[in-house]
Amino acid sequence: MPGDSAALCERGVVIMRIYISGAVTGTDDAEERFSKWEDFLKEAGYDVVNPFKVCSSISDWSHKSLMGICFRLMDECSAAVFMPGWKGSLGANQEYGYAIGKDMIIFEPEDFDDLISMCNTCNSVTLEK
């Protein structure tokens, strides 16, 4: 995991804006999954970028063009959350590579306990998975 989530509070790093990434194409529950994570992170006190909300209103653009929008959204974030199942998504894999290139703090499913702990410690909000 790029970045050390366990030491974020100790280093005084505050994540201001978090990007949500996950599979969209070929799924029927993307809106629900993205909204769930958006609500969870907002409750923890973070500014959240939900690309599904932005891109779902654009119906006639190519996948490549939509990914360009997603990359611009990621430019405004310091961290990214990759929801379970992201590795099977071409777009989420592209976002992962982009996040590494930007040296963003990355949370994958195995890091969610760290993310919850960080939210609880840094923002005084008690959250569960």
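The values are calculated or read from the model by the stated rules, or taken from the named source; none is laboratory data. A quick note: this is a predicted structure, and the numbers were derived from the prediction, not measured. Neighbour counts are summed over all protein chains in view; Cβ atoms, including those assigned to glycine, are modelled from backbone coordinates with ideal geometry.
Observations
- Taking the criterion of being buried (at least 18 other Cβ atoms within 10 Å of the Cβ), more than 12 Å from the chain's Cα centre (by Cα) and either charged (D, E, K, R) or in a helix (DSSP H, G or I) (or both), the residues of segment 73-100 that qualify are Gly91, Tyr98.
- Which numbered condition Ser78 misses (of (1) out of contact with any helix residue (DSSP H, G or I) (no Cβ under 9 Å at 6 or more places or on another chain); (2) free of Cβ contacts under 8 Å to residues at least 60 places away in the same chain): (2)
- Evaluation of Ala92 against the conditions (1) in contact with a Ser or Thr (Cβ under 9 Å, 6 or more places away or on another chain); (2) over 17 Å from Phe34 (Cβ atoms) shows that the sole unmet condition is (2).
- Odd one out for Phe71 among (1) at pLDDT 95 or above; (2) touching a strand residue (DSSP E or B) at 6+ places or on another chain (Cβ under 6 Å): (2)
- In segment 40-59, the residues that are over 22 Å from Thr27 (Cβ atoms) reach residues that are in a loop (DSSP other than H, G, I, E, B) with C-beta atoms within less than 8 angstrom, at least six apart or across chains, in these pairs: Glu43/Val125; Glu43/Leu127; Ala44/Val125; Ala44/Leu127; Gly45/Val125; Tyr46/Ile15; Tyr46/Met16; Asp47/Met16.
- Only listed residue being in contact with a His (Cβ under 8 Å, 6 or more places away or on another chain) and closer than 12 Å to Gly22 by Cβ, chosen from Gly85, Gly91: Gly91
- Residue count, segment 27-56 (criterion: outside any strand (DSSP E or B) and touching a strand residue (DSSP E or B) at 6+ places or on another chain (Cβ under 8 Å)): 9
- Residues that are touching a Phe, Trp or Tyr at 6+ places or on another chain (Cβ under 9 Å) and of a type outside the set (A, V, I, L, M, F, W, C) were ranked within segment 29-55; the one that is farthest from Glu110 (Cα to Cα) is Lys53.
- Matching residues, segment 12-26, being polar (S, T, N, Q), in a loop (DSSP other than H, G, I, E, B) and either at pLDDT 90 or above or closer than 21 Å to Glu76 by Cβ (or both): none
- Among the numbered conditions (1) assigned to a helix (DSSP H, G or I); (2) in contact (Cβ under 8 Å) with a residue 24 or more places away in the chain; (3) not polar (S, T, N, Q), the only one that Asp103 does not meet is (1).
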